[in-house]
Structure formats: structure tokens, C-alpha cells
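See structure below.
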Amino acid sequence: MKIGYLMQEGVEIRRPPFNGPANHVRHVCRELERRGHEVRVLTRIEGRIWKSDDLVHFEPVAVRGLDRGPLRLMERAVRRIQSELQLPYAAMFESVRFARACLQELRGCDLFHERLCWVAYGGGLAASWLHIPVVLEDNGDPLLDLESKGIAPQGMQRSLSIALMRCAVKHSAHVVSTGVGWRQQFIQRWRFEPERVSAVENGTTLVNLLSREQLRSFSPVEDSNDPVALVYLGGFYPWHGIPVLLPAFAQALAQGVRARLLLIGAGDGLSEAQHLVSVLNLGGSVTFAGSLAPEQYSGLLAQADIGLSPYCGWPEFSGLKILDYKAAGLPTITSGKDGQPPTIKAGETGLIVPPCNQDSLRNAIARLCADRELRRSMGRAARLEAEQVHGWEHTARQLEVIFLKVLSERERN
């Protein structure tokens, strides 16, 4: 297949350090290429469109007829009027320019695989012009993300944005959500046919970066009086659960649990987390490692004992961190409900606690800290499962099946 991977509002995939979304894009594209498919990435970063066939070399795309000349001058005039009168924003110029770039750079593609972006419909426009299908990649509800950050549109802008998004998604041939929770949220939010939405989990590079011999759960048992090493990997927004985790950890320590906690990550909410550590007098037991690349944090996870994923107030509980924990041979204590997260088998590869429940989280921490053999058996089971189903090649195989099905249905119709 010849695949166009589209991001009208892209993440920085051109140079490291790569964040989670960027790593997702890069690994999916490379695994599809390893399976014999031709993938060209078209992305808009910082207001400019770029293309790449190998994710190493990126070329800027000049959209003929739109980047210069009378139409560009008209666009600037309309934008000025829109800004001065505070008129609703419809992303028309960005979407049309991106659609034209797709026509210019992606002719001959069998289908588009488009990362869902807020009020971005250029890929859908181009696909309709080229008469090829679009498979949307749903990595989370963009409106919910904006709301959680306090920057969601309001009033007429909100109504217009939702209408544009609904129009953009309804013409998709299929939707791939990166988790069961996001699949349910997508179906509910956009009133989309459930049979055209599949959940395909992300992968983890740690399956390849770490061998079993490097993992504590596979190492010979040694008598040690060291505290149990807990690790958290991710962001610090409230829905990541840090405001629940830190008090639960403090309570566990107060009850006699001997443990230390490493927090890996950065971004919004970090200063609040640091302040909470100070308020709870956890400075001697909690360490902040900052933002690290997988190659940097893989060794830290390999030498930890327990991974933590305490989501609170979020539809999806199966984050990338859980896959990394499993690949590192760690049992995971995670929030979950209604069968989520499917990536953890309760009692076998980790413990699942109700979201936002501080007491349950404290009890789970105390239980695993007190039982070394349980930690090791769960960690080994988690690693073996990760080797089977959590490599990025597994993700690419599932996507390939969906793409071929979409193309087959297109031919029949």
C-alpha cells in the first residue's frame, strides 16, 4: 500500500527530544514501512507544512497558488477582519491549504491515515477530491483535552468547532482509537457507528531496549533492606492522578511501608506536584527526574519494583506508561473501571483500583511493597505479555488488517 500519514496540526517529529505523540507517529510509520508499505508523512508544524518519506529528511512544502499572490493577500485581510471583530474561527484557510498540499504531494496514495486534530479537516477534503478512504487515528478526545486545560472554546465558537469536527469525522471510512476508553468516548461524542471504530493499543520500544536479564523481576533474589522502588512516568495534569498518588504514598509511609518514589516527567502541573511533596514532607522519599527519553528512563524502570498509573477523571486508563512498565517487568498499580484497562490483568500483571480513590491506592501500594514474590511474579508475567502483544510491530499488524479491510470494502462498493 501507499499510505499518506496526515497531521494538519502536528507534533514535533523532526528532531529530538520526541514526546509521546511524536514517538507514536514515528514508530507506526516505521513499522508500516518494515511491513513493505510506502508511507509519506505530511504535517503542519508551527504554521508550515512539511513532508518526509523517511522521518529523517523533512522538506518544506510550498502550496502552489496559496502561499503567495492575491489569495494569500486576501487571506491576510480576512484574518485581520476576523481578529478585529472577534468572529468565530473555522480553520478554513489552514484546512484548504493542507488539502491542496495533499493533492500536490500525495497523489497515488491508496488511503490516508490521519491523526485527529481539533478543527482540522484538510485531509478529509483532499481524500474526497482524490476519491480515496480516510482512516482516522483517534488518540484521545481533543475537546476533553482542551477542557481539562481550561482553554476549551465557548459560545458560538464552540458550536461551530463541534459542527466542523462532526462533519470531518463522519466521512471517515474507519476510526482507530488507541484504547477502549477512547473508542467509547469517540462513539459517544461524535455519534459514530460502533462497527467502524476499532481499538488498537499503542506499542512500547522498551520491549527491544531492555532484555529480560536487565530486569529486576528476572534477576536472582537478593536479601536487601533497600526501600521498595516505585516509579511514575508521565505528565502532571490533575487527571494524571498525582494529587491522589502523593497523599496515598504519604499515608503508606506513615503506616510503616518502606518505599521511595521516582517521578519521571515534566510540563504543566510539575510545580504543583513539587509543592505538594513539600507540604506532605516527602522530600526524603520522592525524587523528580524531569523529562527523559525512552533510552534514558528505560534503565530506571528496569531497576524499579512497581509502576504507578493513577488516572483520575479521565475516560481512558490504558496509557503508554503501562506498556512501558510491563516491558520493564514491573507490576502496575493502575486506576480502572468497567473492564479497563484491558492491558492489565488484575492479580496477574498488576492491581486495579477505583479512580481517584486514595485509600484503595494506598492499600495497593502497601500490599505490593509487602510481598516481594508477588511483585516479581506479576512483573515477569507482565514482561512476557509485553513481548507478545506490546511491540510496535504488533500495532502495525493490526493497522494493516484494518487498512486492507477498508480498501476491500471500498472496491466492493
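The values are calculated or read from the model by the stated rules, or taken from the named source; none is laboratory data. None of these values were measured; they are calculated from a predicted model. Quick reminder, even Gly has a Cβ in these numbers, built from the backbone with ideal geometry, and neighbours come from all protein chains shown.
Which ones in the stretch 118-136 are under 16 Å from the mean Cα position of the chain (by Cα) and surrounded by fewer than 22 Cβ atoms within 10 Å (Cβ to Cβ)? Spell out how you get there, then give the answer.
As a first pass, look at the stretch 118-136 and keep what is under 16 Å from the mean Cα position of the chain (by Cα): 118, 136.
The one that is under 16 Å from the mean Cα position of the chain (by Cα) and surrounded by fewer than 22 Cβ atoms within 10 Å (Cβ to Cβ): W118.
Which pairs do you get when a residue that is assigned by TED's automatic domain parsing to the domain that holds R383, found in the stretch 337-348, comes within reach of a residue that is part of a loop (DSSP other than H, G, I, E, B), reach meaning Cβ atoms under 6 angstrom, with the pair 6+ apart or on two chains?
These pairs meet every condition: Q340/F317; P341/F317; P341/S318; T343/S318.
Inside the stretch 15-29, can you point out the residues that are surrounded by fewer than 21 Cβ atoms within 10 Å (Cβ to Cβ), in contact (Cβ under 8 Å) with a residue 60 or more places away in the chain and out of contact with any helix residue (DSSP H, G or I) (no Cβ under 6 Å at 6 or more places or on another chain)?
P16, P17, F18, P21
State which residue pairs qualify: first residue surrounded by fewer than 16 Cβ atoms within 10 Å (Cβ to Cβ) and inside the stretch 79-99, second residue part of a loop (DSSP other than H, G, I, E, B) and modelled with pLDDT of 85 or more in any location, beta carbons under 9 Å apart, and separation of 6 or more residues or different chains.
Partner pairs satisfying both residue conditions: P88/P153.
Return the total of residues in the stretch 370-392 being assigned to a helix (DSSP H, G or I) and touching a Lys or Arg at 6+ places or on another chain (Cβ under 7 Å).
4
Return the total of residues in the stretch 322-340 being modelled with pLDDT of 95 or more and of a type outside the set (A, V, I, L, M, F, W, C).
Residues meeting the conditions: 9.
Can you find a residue in the stretch 348-364 that is acidic (D, E) and within 30 Å of D110 (Cα to Cα)?
First, the residues of the stretch 348-364 that are acidic (D, E): 348, 359.
Checking the rest, the ones that are also within 30 Å of D110 (Cα to Cα) come to none.
Among the residues of the stretch 348-364, not one is acidic (D, E) and within 30 Å of D110 (Cα to Cα), which makes the answer no.
Looking only at the stretch 254-264, count every residue that is surrounded by fewer than 22 Cβ atoms within 10 Å (Cβ to Cβ) and either among the aliphatic types (A, V, I, L, M) or modelled with pLDDT under 95 (or both) and tell me the total.
5
Mind listing whichever residues of the stretch 89-146 are among the β-branched types (V, I, T) and more than 23 Å from L404 (Cβ to Cβ)?
Answer for the stretch 89-146, where residues must be among the β-branched types (V, I, T) and more than 23 Å from L404 (Cβ to Cβ): V96, V119.
All but one of (1) in a strand (DSSP E or B); (2) under 17 Å from R376 (Cβ atoms); (3) in contact with a Gly (Cβ under 6 Å, 6 or more places away or on another chain) hold for G329; state the number of the condition that does not hold.
(1)
So how many residues does the stretch 324-352 have that are touching a strand residue (DSSP E or B) at 6+ places or on another chain (Cβ under 7 Å) and among the small types (G, A, S)?
Final tally of qualifying residues: 4.
I'd like to know if the stretch 306-319 contains one or more residues that are touching a Gly at 6+ places or on another chain (Cβ under 7 Å), over 26 Å from Q214 (Cα atoms) and of a type in the set (D, E).
Yes, the conditions are met somewhere in the stretch 306-319.
Restricting to the stretch 53-71, name every residue that is touching a helix residue (DSSP H, G or I) at 6+ places or on another chain (Cβ under 9 Å) and in contact (Cβ under 8 Å) with a residue 24 or more places away in the chain.
Within the stretch 53-71, L55, V61, V63, R64, G65, L66, D67 meet the criteria.
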